[in-house]
Amino acid sequence: MSTNFKELGLIEPILMALFEEGYTNPTPIQEQSIPIVLEGKDLLGCAQTGTGKTAAFTIPVLQIMHQQQQESGRKHAQLQTLILTPTRELAIQIGESVKAYGHFLNLRHQVIFGGVPQFSQVQALKRGVDILIATPGRLLDLMQQGHINLIVTGK
């Protein structure tokens, strides 16, 4: 019997976004991963291209971040999650997924990668982001320039 997204314990704003994206039932990697990540456990997943790996980790991360934002009453975007990816193409794809699945959430994200002027990326960082999707080279560049600080400061 197939599981639906609601049975995975997802919140209504994410369920609405998934519906808008045309998602009906989770893929096997999503069905197995989402509950584990929602429990706050670490996970290493492996699946073929096109099986929904991006949704398998971004959906629960968005839910956890939204719930933490609600509990803390935090209104202003501040970096909470870093998604590090090897290529600009994958960074853009993950950014589009975060935008789609988080459509009804009050979370800001930014994609940064090299090979393009950094000005607009730096401006977005100054306005505040909750989720940063980055390639290693540009991340290191912006850290060295003092635009990004990844020092962990507790919960």
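The values are calculated or read from the model by the stated rules, or taken from the named source; none is laboratory data. Remember, it's a predicted structure, so these values are computed and weren't measured experimentally. Here the Cβ positions follow ideal geometry from the backbone for every residue, glycine too, while neighbour counts run over all protein chains shown. Each accessible area value is taken on the protein alone, full model and side chains, heavy atoms only, with ligands, DNA and RNA left out. Shrake-Rupley method; radii C 1.70, N 1.55, O 1.52, S 1.80 Å.
Against the conditions (1) closer than 23 Å to E39 by Cα; (2) buried (at least 19 other Cβ atoms within 10 Å of the Cβ); (3) in contact with a strand residue (DSSP E or B) (Cβ under 6 Å, 6 or more places away or on another chain); (4) not aliphatic (A, V, I, L, M), T81 satisfies every one except (2). The test for being assigned to a helix (DSSP H, G or I), among the aliphatic types (A, V, I, L, M) and touching a Gly at 6+ places or on another chain (Cβ under 6 Å) does not hold for L125.
Condition test on G137, is it surrounded by fewer than 16 Cβ atoms within 10 Å (Cβ to Cβ), under 20 Å from the mean Cα position of the chain (by Cα) and over 16 Å from T81 (Cα atoms)? Taking the combined requirement at face value, the residue satisfies it.
Output the residue which, of all residues in region 1-57 that are β-branched (V, I, T) and assigned to a loop (DSSP other than H, G, I, E, B), is surrounded by the fewest Cβ atoms within 10 Å (Cβ to Cβ). Even if it seems obvious, please write down each step before you answer.
Taking region 1-57 and keeping what is β-branched (V, I, T), we get 3, 11, 14, 24, 27, 29, 34, 36-37, 49, 51, 54.
Among the residues that remain, those that are also assigned to a loop (DSSP other than H, G, I, E, B) are: 3, 11, 24, 27, 49, 51.
Details: T3: 15, I11: 15, T24: 9, T27: 16, T49: 5, T51: 15.
Step by step, filter region 1-57, then rank; the result is T49.
Counting residues in region 111-133 that are acidic (D, E) and exposed (fewer than 14 other Cβ atoms within 10 Å of the Cβ) gives zero.
If I filter region 41-50 for residues that are at pLDDT 95 or above and either within 18 Å of L8 (Cα to Cα) or among the polar types (S, T, N, Q) (or both), do I get at least one hit? Looking through region 41-50, none of the residues is at pLDDT 95 or above and either within 18 Å of L8 (Cα to Cα) or among the polar types (S, T, N, Q) (or both). In region 84-103, of all residues being open to solvent by less than 80 Å² (accessible area, probe 1.4 Å) and not in a helix (DSSP H, G or I), the one that is farthest from Q70 (Cα to Cα) corresponds to T87. Of all residues in region 70-98, those that are over 18 Å from M143 (Cβ atoms) have Cβ atoms under 6 Å from Cβ atoms of residues that are among the basic types (K, R) and open to solvent by 60 Å² or more (accessible area, probe 1.4 Å), 6 or more apart or on another chain, in A77/R108.
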